[in-house]
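As structure tokens, the structure follows; a few thoughts come after it.
The values are calculated or read from the model by the stated rules, or taken from the named source; none is laboratory data. Since this is a predicted model, take the numbers as computed values, not measurements. Cβ: placed from backbone, ideal geometry, glycine included. Neighbour counts: every protein chain shown. For accessibility, only protein heavy atoms count, side chains too; no ligands or nucleic acids. Shrake-Rupley method; radii C 1.70, N 1.55, O 1.52, S 1.80 Å.
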Amino acid sequence: MEDKRPSPDALLKRVQEEQRHEKKGKLKIYLGAAPGVGKTYTMLQDGLIQRKRGLDVVVGVAESHGRQEIESLLKQSEVLPRIIVDYHNNSLSEFDLDGALKRSPQLILIDEMAHTNAPDLRHKKRWQDIKELLDRGIDVYTTLNVQHIESLNDDVSQIIHAPVKETVPDSMLELADTIELIDLPPEDLIKRLQEGKVYYPEQALLAEKNFFRKGNLTALRELALRITAERVGTQVLLYRQGIGIQHIWPTREKLLVCVGRGEEAPKLIRAACRTATHLKCEWIAVYVDSPGIQSSEAKRNSAIEHLRLAEQLGAETRVLSGFDIVKEIIHFARDQNVTQIIIWKHIQPRWKNLFRRSFADELVRHSEEIDVYIMTGTIEKSKQVQSVSLPPTIPWSVYGIAIGIVGIATLIDFLLFPYLKSPNLVMIYLLGVMVVALFGKTGPSILASLLSVLAFDFFFLPPFYHLVVSDFEYFTTLLVMLLVTQVISHLTIRIRRQAEAARHIQYQTSALYTLSRRLANTRGTDKLLETGSQYIDEIFNSDVITLLPKGNHLEIHSSLNKITPILDEKEKSVAEWVYELGQMAGFGTNTLPFSNAIYFPLHGSQATIGVLRVQPRTKRLFSPEQMRLLEACVNQMALSVEVDRLQERTNRSKLRTEKNRVRDALLQAISHDLRAPLISIMSSASTQIEMVKVLTSDDFEKIGKNIFKESEQLSRLINNLLQITYLESESVKLQKQIASFKDTLTTVIKTSSKKLKNRTVNINLPPDLPDIPFDNTLMQEVLINLIDNATKFTPPNTPIDISVVLDKDNMTVSVEDRGPGIASDEVDKLFEKFYRGRMLSTERGLGLGLAICYHIISAHDGKIWAENRKDGGAAFRFTLPLHSQGKEDA
């Protein structure tokens, strides 16, 4: 078979890969099984070779560990200076990433890819430094030991009986353009260690007792060889697909087993598993769902169960679709570089081979360089309980429509018969057969084809109204008509089914994308579960129920049905088992298969958060691809619910933090702002008591005024605490009355006269200021607090401006001062409880005045804000509606 053109997808992937390499630097990894195999030495040697070829090469960091051969190579190379980092009274020498970027060589050599950087550097890990260099277009050579690969962390820990803390993500290996294996037999490596060519003598002695044991080194060597082989195998596969090579390259064994609907499939799968285990190779189980083969739901479900058996035994499973089963299997095998195919051959009588070749014979005929292994045998038919299958339905209605369409075509031909020749009337029947084929049913299409030929012969060919052919020319016409109608019917059905399959796949992909997008825009556990259940219902045509834990048992949390379904004890036991063990079970699985629904655990990061029950309405088993898609949807739901719960916990944590902050501020205010007036009052009273005979009347008056002042301050602070508590309660009701804002402002100015002292208050009110509805007592509190705030934060004797502006619906009041203004980072904090501005240092207060203003104005359906004046100073503005909208007393 000649090489064919590559597929568009392969070409696109290749173009994207080339574009990636054009923009980014190239990465080469020197991979070894353990330290001391020669990775650093080989890397430095290759760097010197590239330098002799004219490439700008520098050594970013390389560790010699006292080895003379490496130090000799470093002397021949340009080495970047390192940076010194102080850490716990120790000086650490680290790779200088900024220096490397400034130097900007074409190639940089960096040793020990898995190294952890010192604190306070830009990246935590050295592989992150390497990734940044690659992103900047600089090529990198680096070294890596197999035990530092993240995916092998657990395996390596079991081998060496110690945890590996420094790891590199597998994505860095995928970025590598080249992985070169530096290998050395364990005996030679141990000898090098004993000779002091790996570590210093003290370190070497300790390493030989623990890590550098022959068993450990052999196992790690096998891991390194396997990783390199897998990488090379992937590159070979991508290369073949990229340039469209169809011939098999037998670089390593790869098996493919053809799974069918018959009872021989389990035996075939187990044989393939044994063969793959013996060869230590990958194997794939394939089932071709061909529209050309009519089969019952029971047979298709049996094939799906066989695929699941193969998946449990370690196979990769695929469901292919196509009319030509042999061609689909061969094409897939070549695409995956399969070297061996295992199939089952049914022994049949020789006379049947004269009419139809067997599937096994056809596959062997087209296999070419792929080896085909055929199994045969006798399979005893077992009586299986078809509890999950439905009997095939016969499309009687489509048969009736087919007969009707042929009748209509015959009637039309009767009308056209006097004007057209007989062969031209065939076109009407062809059109009718095509219309019947659009229903996608093979039986009605064949019936329409046969009836069309018979009707044309009976009504329009001589001798008329007889099913005989008098002329060989007519016989040819009928034969061609039969063949053409069959071909048209077959092709139309094929195109229809392929279009339906493509539309179904597109619908599932679109629905999954929509599910992710909707879940991202949804908040709340109930809404998330409802959204996820709805989309799973649409995609998989299933009834979906969510069960969440409540106490010691699971309860139905949500269902798309208006009537909450009732689960019997068996169904509840399945749900409880799935929740406790975190494994899928139920219909179509090997665990608790008596259930009529599939139960999926909703996995969280720490524990299972619930169970999703999916019951197919058609009682049809899901294919492996559908199961994977369904599991992806379930995992997406679980992830969204967990993220939402995590966000809720974070909000609660923020709320607790805020409560603690308010509590601490309140305690601090009480200990200072409330305690200070009390101490002053007590001191003044004590002075009066102890020195009553010595004090003059002027002294008594002065002490009395101080006691009154401090008592007034204390009363003001307590009043603010009570006021903010009252305003934050849900039972606040305003005592609104139509009143004059001008009179309220005049009263406030008189009340604040002591606080204002010699300050000038400039009032600018419109002459037509109307009376508006507001709570007069609370509005006085607002103005008093704003004036008090202006006197605290401005120099003495500076004026305060109060103005009112009217618009269509609101009145805007402004209280402006000539002080230092408001810091930009304080604008959003001014109206918070217990917040006192940084400019305030001497005045006592709880920081509640502006918070009280905010709550009062909000209760009046107004807005309050602060801003800086253009000419300097701060302006506090609030609006009040001209018409009553707020809460009023009943």
May I ask for the net charge around Ser533, where only other residues with Cβ less than 13 Å from the Cβ of Ser533 are counted and Lys, Arg are +1 while Asp, Glu are -1? -2
List the GluC sites (Glu not before Pro) within the stretch 22-99 that fall in a DSSP loop (any state other than H, G, I, E or B) and whose Cβ has at most 16 other Cβ atoms within 10 Å. Glu63, Glu78
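Run through the stretch 92-149 and list the trypsin sites (Lys or Arg not before Pro) located in a DSSP loop whose Cβ has at most 13 other Cβ atoms within 10 Å.
Here the trypsin sites (Lys or Arg not before Pro) that fit, given the DSSP loop and packing criteria, are Arg122, Lys124, Arg136.
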Solvent accessible area, Å² - Glu642, 1.4 Å probe, full protein context: 40 Å²
Peptides 148-157, 747-756: what's the order by average Cβ count within 10 Å, highest mean first? 148-157, 747-756
Trp396, Trp283, ranked by accessible area, largest first (probe 1.4 Å): Trp396, Trp283
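Lys and Arg at +1, Asp and Glu at -1: add these up for the other residues within a Cβ distance under 13 Å of Phe456 and post the number.
Net of charged neighbours comes to -1.
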Difference of contour (0.36 nm per residue) and Cα-Cα distance, Leu482 to Asp56: 145.8 nm
Förster radius 30 Å - calculated FRET efficiency between Gln76 and His123, Cβ distance, rounded to 0.05: 0.55
In nm, spacing of pseudo-spin labels at Thr442 and Asp768 (7 Å Cα→C-beta vector): 8.9 nm
Sequence-distant residues sharing a close amide H with Ala585 (under 5 Å, placed H): Tyr599
Restrict the search to the stretch 24-89; then list the trypsin sites (Lys or Arg not before Pro) that DSSP places in a loop and that have at most 10 other Cβ atoms within 10 Å of their Cβ. Arg53
On the formula 1/(1 + (r/R0)^6), with r taken between the Cβ atoms of Lys709 and Gln647 and R0 of 60 Å, the FRET efficiency rounded to 0.05 is 0.75
Calculate the translational D of the stretch 748-806 in whole µm² s⁻¹ from Stokes-Einstein, where the hydrodynamic radius comes from the Kirkwood formula applied to all Cα pairs, the temperature is 37 °C and the viscosity 0.692 mPa s. 259 µm²/s
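When Lys and Arg each count +1 and Asp and Glu each count -1, what net charge do the other residues less than 10 Å away from Pro796, Cβ to Cβ, add up to?
Here the count lands on +2.
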The answer for Thr317, listing residues at least 5 apart or on another chain whose modeled amide H is closer than 5 Å to its amide H, is Ala285
So who's got an amide H within less than 5 Å of the one on Met811, skipping anything under 5 residues away but keeping other chains? H placed 1.01 Å off N, in plane. Leu880, Leu882
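Can you tell me which of 682-693, 175-186 comes out highest on packing, and rank the rest after it, using the mean Cβ neighbours within 10 Å?
Details: 682-693: 11.8, 175-186: 17.1.
Going by the mean number of other Cβ atoms within 10 Å, highest first, we get 175-186, 682-693.
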